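Coordinate-derived values only; no laboratory data. The shown structure was predicted, so the numbers you read here are calculated from the model rather than taken from an experiment. Cβ sites come from the backbone with ideal geometry, for glycine too, and all protein chains shown count toward neighbours.
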Amino acid sequence: MATNVEGATSPAVGDRVRLGALRGSGLLRHDTFHHLDRLTQLASSLTGAPVSLISMVDEDRQYFTSEHGLHDPWASARETPLSHSVCQNVVTSEKPVVIDDLGADPAFVDHPARLDIGVEAYCGVPIRDPDGRILGSFCVIDDERHAWDTRTVHILEQLAALVTDAVATSKGYTTMVHDLQRRLIPPSLPQHPHGRLQGKYRPVLDTHDVGGDFYDAFLRPTGEMDVVVGDVVGHGVTSTHAAAQLRAAARAVFAGQAATPADTINRIATACADLPGCDGAALLAMRISADGRTVRWARAGAMPPVVTGPNPRVLRQGASPPLGVGPCVYDPACEVRLEDGEGLLLFTDGLVERRDEDLDEGFARLMTCCREGSAMAPDCDVYALAQKVCPHATQTDDLALVHWAPKD
């Protein structure tokens, strides 16, 4: 069989709508769809091809959501540069691409997939999302010439349809979980008469699960403001539901009387003691004075607050264990008077933690960013700060951050 892979340009590999659909599908993460390994194994078994791939094509690489039979280093890396992708031709042509012998095809005789990976024969069909956008290819490859037949194309099309079904199921689950998450984040924060409070929640890209990070604030009749930032262990419905319970409890405690931020945390912990998913949660409670200058806080398993401005610093005092492990202990040292040009940043661990580095490196990066122009109090932009400290490409966990800056 032969195919024409030239001249087709729609949808282009770099089309932003297609790429958005790809990133929203979850297929750029193997742990989201590990069960698809059964399909690639089945593809090899039914077609006799030594290698089968579920290959997602983005603007600069192809990523293997599932692979069977691929050799290292490509199997371990789970991706190749776009230059090594035959699957991109499936995306641009919007139809099956069938090549019995790459060495006999002038368009592929010097292709890096042939020279570096050893692909001598290729058969791939489009994988689409539930809305029909092409995300990548379900393909089989061989390291020697292989005369593919129409049966092979039909098998791959049926298996590709199962991938589409998996994305549709996941998308429904994702919609439900993200709806829960949206309810954790207040649509707006109350305005303190003597300062500016900002909040930001950012989930990890390319995932169908969200975490239990949240924040909230409550302006008291006295002019003081209470703020809470929380992070529940894990991801998914259970964690999101636990975070919702903690936020609701925080609101109830804020509306009552709590002498100190530590009392706030302990009362939240008591209210949620028997609720699934709340044990091990991290909480930081902060109370801002009526004049906006004095801030007191308590933290249970949470990241320490950071003073922003020209001389940023980490306030490490007052560490108590997470919820369910022990009480939050009042520490009179957990108080700071903010000077002109200073602010206070509360955040969950997703802002500074990376799997490939020590936590101190994350805090050092945060200190550097806090000294830079738009990230300095009182004009700090939490959106810009989050991107500087933790670009989307390096983010491995959900993050929430709240920044307070009194008026000069």
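Fewest neighbouring Cβ atoms within 10 Å first, the residues Leu36, Leu401 line up as Leu36, Leu401. The alpha-carbon of Lys407 sits under 13 angstrom from the alpha-carbons of these aspartates and glutamates, leaving out residues fewer than 8 places away in its chain: Asp291, Glu339, Asp340, Glu342, Asp379. Straight-line cross-link partners of Lys388 among the aspartates and glutamates, defined as a Cα under 12 Å from its Cα and at least 8 positions apart when in the same chain: Glu372.
Considering helices alone, the calculated mean residue ellipticity of the chain at 222 nm is -9000 deg cm²/dmol, with DSSP H runs of length four and up weighted by -39500 (n - 2.57) and normalised per residue.
With just the Cα atoms defining each centre, how far is region 283-312 from region 115-159? Give it in Å. If you average the Cα positions of each part, the centres end up 55 Å apart. By the rule of a second cysteine Cβ within less than 4.7 angstrom, the chain holds isolated cysteines at Cys87, Cys123, Cys139, Cys328, Cys334, Cys369, Cys370, Cys380, Cys390. Relative to the longest principal axis of the Cα atoms of the chain, helix 37-47 runs at roughly 0 degrees.
Along its principal axes, the chain has C-alpha extents of 79, 45, 33 angstrom, given from the largest down. Counting every pair of alpha carbons in region 16-179, the share spaced more than 24 Å apart comes to 27 percent. Each of Asp105, Asp165 has some number of other Cβ atoms within 10 Å of its Cβ, and from fewest to most they run Asp165, Asp105.
Using C-alpha pairs below 8 Å separated by at least 6 residues, the relative contact order for the chain is 13 percent.
Taking GluC sites (Glu not before Pro) in DSSP loop states with no more than 16 other Cβ atoms inside 10 Å as exposed sites, the chain has its longest site-free stretch at 145-338. For trypsin sites (Lys or Arg not before Pro), the sites in region 283-330 that DSSP calls loop and that have at most 15 other Cβ atoms within 10 Å are Arg316.
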